[in-house]
Amino acid sequence: MPSRIRTRTRTALAAVPLALALTALTACGAGSPAAEPDTTDWDALTHDELVERAQEEGTVTVYAFTSRIAQVEAAFEAEYPGIDVVASDISSTELITRLASEHAAGSATADVAYVSDAPVVVTELLADGVLVPYVPPRVAGALPEEYRSPLVANRLSTKVLMYNEEAYPDGSPVQNLWALTEPEWAGKVVLVDPNVRGDYLDLATELSLRADEMAAAYEEHTGEALVLDEGVEDAGLQFLADLYANDAVLVDDTDTVNAAVGATGQAAPPVGFTSYSDRRDNEDEGWALQVAAGVAPSPGIAFPAQIGVTADAANPAAARLLADFLMGDDSGTGGPGFEPFYVAGDYPTRTDVEAPADAVSLDELGAWEIDPEASAARRGDVADFLLTVQ
């Protein structure tokens, strides 16, 4: 199946200054007073005081990058029956664009964002004041600094190489990423187009940022030093160019990757890059997904799932209560608020929440943990490069 060229998707904020200016002029012309800034010391409130305020508001709207937000909604409403959760499940790319445009227009928006694609979240949404941080005081002491700032994260998610364990019962058929560029895997590597989904662009970007490791892995795999093609800057980009030239199959969504790789009954299925945690759906979907742990130099990336409160949240107390709930309760497994994410392939950021018993540890997995700022600085060039090799 040949790869397909797609229109590049960007988080476009070029219209933001104009929209803000028009909003300001409209307000001035109408003589409307400026909204009073929120001066509440949210950290000083007790949990009971926060609940009381949230119940007075009676509702909270959340945009989330995962369908599992529906389970959180049900659990939250059971815990706090006076508060209605209005949840929207949309991709992080769409979520980021929607939040930015609604903020610029001064229109109604979500109270809470549960979002991946940290490079854009940190350098655009947070930097532009669309989101504000809130770290629930109850869990702050159990969070390492990198998961408290600049936005709180309740877990690490992944985009890693997966295979079909029914077809390959002895383990991953791939031990080195460079094997994917060889004829054996021609047309048999599936991934979401990185210029369609931000988390896959983060994966592609990390390959470039880890160029030295990619070059070493090439030499380990072939016994020869890597020679870059003309116009290719580093070993990570060379891998991507060779992978695309080997007829990598680009699709539009992760479910398509999962079905192609994981469907049972296949004699020689493809491998693909997807979320390790999607293995939780094997039984329901008829899949046999398994993670290719320990692949050299890495099977992929781990990245934070972040929680932010919108700057102009209509329900600021309920927003913070939901953020607190998403961090899990004081039990060893995180309780109802964290239960949807308490699966192999999701890694709790709290040090007092135990990892699921059947999970491959982060060390065993070997995934690269992304640096959002470094990724943000590099990903535009990587996206442009990918357009030249598709």
(request) Whenever you get a sec, line up D43, D199 from highest to lowest accessible area (probe 1.4 Å, protein heavy atoms). (result) D43, D199
(request) Determine, at each q value in 0.18, 0.27 (inverse angstroms), the log₁₀ of I(q)/I(0) that the Debye formula gives when each Cα of segment 36-90 is one equal point scatterer. (result) -0.71, -1.04
(request) Consider just the alpha-carbon atoms of segment 104-202 and return their Rg together with their Dmax, both in angstrom. (result) 19.3, 56
(message) So, for segment 104-209, what is the accessible surface per residue at a probe of 1.4 Å, expressed in square angstrom?
(response) 30
(message) Between 0 and 90 degrees, rounded to the nearest ten: what's the tilt of helix 235-245 against the longest Cα principal axis of the chain?
(response) 70
(message) Rounded to the nearest percent, how much of the accessible area of segment 236-361 (1.4 Å probe, protein heavy atoms only) is carbon and sulfur?
(response) 45
(request) Report, to the nearest 10°, how far helix 211-222 tilts away from the longest principal axis of the Cα atoms in the chain, using its own Cα long axis and a range of 0 to 90°. (result) 30
(message) If I build a Gaussian network model for the chain, linking alpha-carbon pairs within less than 10 angstrom, which residue out of T158, T333, T46 has the largest mean-square fluctuation?
(response) T46
(message) Would you report the distance distribution of C-alpha pairs in segment 236-390 as whole percents per 5 angstrom bin, up to the bin with the largest distance?
(response) 2, 7, 12, 15, 18, 16, 13, 9, 5, 2, 0
(message) With angles folded into 0 to 90 degrees, how steeply does helix 16-30 sit against the dominant principal axis of the chain? Use alpha carbons for both and round to 10.
(response) 10
(request) Specify the residue with the greatest mean-square fluctuation among A302, A317, A357, computed from a Gaussian network of the chain linking alpha-carbon atoms under 10 Å apart. (result) A357
(request) Could you give log10 I(q)/I(0) at q = 0.09, 0.16, 0.18 Å⁻¹ for segment 170-320, computed by the Debye formula over C-alpha point scatterers of equal weight, without solvent? (result) -0.34, -0.91, -1.10
(request) Compute from the Cα atoms of the chain the Rg and the Dmax, the latter being the longest Cα-Cα distance, and quote both in angstrom. (result) 22.0, 73
(message) I'd like the accessible area for R280: 1.4 Å probe, protein heavy atoms, all chains in place, Å² to the nearest 10.
(response) 80
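The values are calculated or read from the model by the stated rules, or taken from the named source; none is laboratory data. Because the structure is predicted, anything quoted here is derived from the model rather than measured. Each accessible area value is taken on the protein alone, full model and side chains, heavy atoms only, with ligands, DNA and RNA left out. Shrake-Rupley method; radii C 1.70, N 1.55, O 1.52, S 1.80 Å.
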